[in-house]
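Here the structure comes first, spelled out in structure tokens, and everything after it is commentary.
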């Protein structure tokens, strides 16, 4: 199959541009005609110009896709017809190509879940499992609504997390730039001035001058060493499973950040586990699917051990308690849900509990970081200015008029 860049028109005369895989131009024309498009021009796309879908389709695109597909399922519109209309109305060109390929596969006799499974960079294993369950149980609108709500919550959480990290990153860059400017430019000027005055320097000024000499002599090392350590660490984490496990464990135990990250992971696990269980997926299969959702090797290993304990005859409550990740209150909520047969509701309550907790933690942490980093920057600048100005004031105090 070759990749073609095409230009076509739909039934209303609207112009449509896109990319599609086809055996030849005739095959491309037939595929577009089945989508309600008339081919105008096409050209063979160079293989080097193609790139993956993974970095092109956002979570918001998936949320909109679930919402519109839910409306199509509720209204009784045939899925093939609705999918074709959805593909033509999608703004994201790459996502439009994926939907077009899914439409082609479904015309060939595949189910929606099977068509999605052919695009793992867009629809992960959990997404496909939920759609397959919706097909089997006939609860597709409910599954799509829950998926959209979960993805929307996850998108909001990611936005808040980025906001939490943005402020300290900006402050760190500003502090680094200011310190290097003062140490490499201002302090050497001060040394030249004080040398001509033959003034005895106080301790803080001598310390500042020593730091300036260190910066002047080893500025490349001071800048390059953290970058080198960061690159080596990232490479080791990506290449070595044990390093990834240690890093994921260390992240959960970092001060201030660790508790927030742990609650984010547990909230994501509880939401997706409830969604899977409500859709009719067994507990063991739901735990297996959630191993990839948590995006943490240490927690994923814990869920795998919990699955082994359940397979050996233990209850879900006992297995999760043995992980040591859930607080007693959450364990009691899960036990009540397991006893009463309302495990999905209990897990949704757990997810809501962690969701509120995470939002509160992020807001408090953002305020603390703002105050703490502002004070840190102020202390650095205050020390430098004090060390610079104190000998100058001494000189002026000894002058006789």
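The values are calculated or read from the model by the stated rules, or taken from the named source; none is laboratory data. These numbers come from a predicted model, not from an experiment. Ideal geometry is used to build each Cβ from the backbone, glycine not excepted, and the neighbour counts take in all protein chains shown.
Tell me, please, whether a residue that is within 30 Å of residue 277 (Cβ to Cβ) and touching a residue at least 40 places away in the same chain (Cβ under 8 Å) can be found in segment 372-393. No; the residues of segment 372-393 include none that is within 30 Å of residue 277 (Cβ to Cβ) and touching a residue at least 40 places away in the same chain (Cβ under 8 Å). If only residues of segment 124-171 that are closer than 30 Å to residue 215 by Cα and touching a residue at least 60 places away in the same chain (Cβ under 8 Å) are counted, the one that is surrounded by the fewest Cβ atoms within 10 Å (Cβ to Cβ) is 167.
Do the conditions hold for residue 205, that is, is it buried (at least 17 other Cβ atoms within 10 Å of the Cβ), out of contact with any strand residue (DSSP E or B) (no Cβ under 7 Å at 6 or more places or on another chain) and more than 30 Å from residue 165 (Cβ to Cβ)? The answer is yes for residue 205. Within segment 249-274, residues that are in the same structural domain as residue 165 (by TED's automatic domain parsing) and without any contact (Cβ under 8 Å) to a residue 40 or more places away in the chain have Cβ atoms under 8 Å from residues that are outside any helix (DSSP H, G or I) and crowded, with 23+ Cβ neighbours inside 10 Å in these pairs: 265/296, counting only partners at least 6 apart in sequence or on another chain. Where helices (runs of 4 or more DSSP H) fall entirely within segment 52-125, those with at least 2 residues that are modelled with pLDDT of 85 or more are at 59-75, 93-107, 112-117. I'm trying to understand the selection: among the residues of segment 371-396, which are modelled with pLDDT under 75, loosely packed, with under 15 Cβ neighbours inside 10 Å and touching a helix residue (DSSP H, G or I) at 6+ places or on another chain (Cβ under 9 Å)? Passing the criteria: only 395.
Of the helices (runs of 4 or more DSSP H) lying entirely inside segment 301-401, those carrying at least 3 residues that are within 24 Å of residue 153 (Cα to Cα) are 328-340, 343-398. The listed residues are 165, 144, and the only one of them that is in the same structural domain as residue 268 (by TED's automatic domain parsing) and within 25 Å of the chain's Cα centre (by Cα) turns out to be 165. Note on segment 275-287: residues that are surrounded by 19 or more Cβ atoms within 10 Å (Cβ to Cβ) and assigned to a helix (DSSP H, G or I) amount to 7. So, residue 296, is that one in contact (Cβ under 8 Å) with a residue 40 or more places away in the chain and either over 13 Å from residue 274 (Cα atoms) or exposed (fewer than 15 other Cβ atoms within 10 Å of the Cβ) (or both) or not? Against the criterion (in contact (Cβ under 8 Å) with a residue 40 or more places away in the chain and either over 13 Å from residue 274 (Cα atoms) or exposed (fewer than 15 other Cβ atoms within 10 Å of the Cβ) (or both)), residue 296 qualifies. Restricting attention to segment 92-110, and to residues there that are in contact with a helix residue (DSSP H, G or I) (Cβ under 6 Å, 6 or more places away or on another chain) and free of Cβ contacts under 8 Å to residues at least 60 places away in the same chain, which single residue is surrounded by the most Cβ atoms within 10 Å (Cβ to Cβ)? If we take residues in segment 92-110 being in contact with a helix residue (DSSP H, G or I) (Cβ under 6 Å, 6 or more places away or on another chain) and free of Cβ contacts under 8 Å to residues at least 60 places away in the same chain, then 99 is surrounded by the most Cβ atoms within 10 Å (Cβ to Cβ). Annotation note: of 217, 212, the sole residue that is assigned by TED's automatic domain parsing to the domain that holds residue 348, out of contact with any strand residue (DSSP E or B) (no Cβ under 7 Å at 6 or more places or on another chain) and surrounded by 15 or more Cβ atoms within 10 Å (Cβ to Cβ) is 212.
This table checks each residue for (1) more than 19 Å from residue 342 (Cβ to Cβ); (2) touching a strand residue (DSSP E or B) at 6+ places or on another chain (Cβ under 7 Å); (3) modelled with pLDDT under 80.
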residue: 256; (1), (2), (3): yes, no, yes
residue: 260; (1), (2), (3): yes, no, yes
residue: 273; (1), (2), (3): no, no, no
residue: 301; (1), (2), (3): yes, no, no
residue: 305; (1), (2), (3): yes, no, no
residue: 313; (1), (2), (3): yes, no, no
residue: 320; (1), (2), (3): no, no, no
residue: 325; (1), (2), (3): yes, no, yes
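Here residue 191 meets the list (1) surrounded by fewer than 13 Cβ atoms within 10 Å (Cβ to Cβ); (2) more than 39 Å from the chain's Cα centre (by Cα); (3) closer than 23 Å to residue 178 by Cβ almost entirely, failing just condition (1). Test residue 11 against the criterion of being touching a strand residue (DSSP E or B) at 6+ places or on another chain (Cβ under 9 Å) and under 17 Å from residue 94 (Cβ atoms), and give yes or no. So residue 11 does not fit the description; no. When the test is whether a residue is outside the structural domain of residue 290 (by TED's automatic domain parsing) and touching a helix residue (DSSP H, G or I) at 6+ places or on another chain (Cβ under 6 Å), residue 74 passes it.
Of the residues making up segment 34-51, just one is modelled with pLDDT of 80 or more and not in a strand (DSSP E or B), namely 37.
Checking each residue in segment 222-245 for being surrounded by 12 or more Cβ atoms within 10 Å (Cβ to Cβ) and over 20 Å from the mean Cα position of the chain (by Cα) picks out 222, 223, 236, 240, 243.
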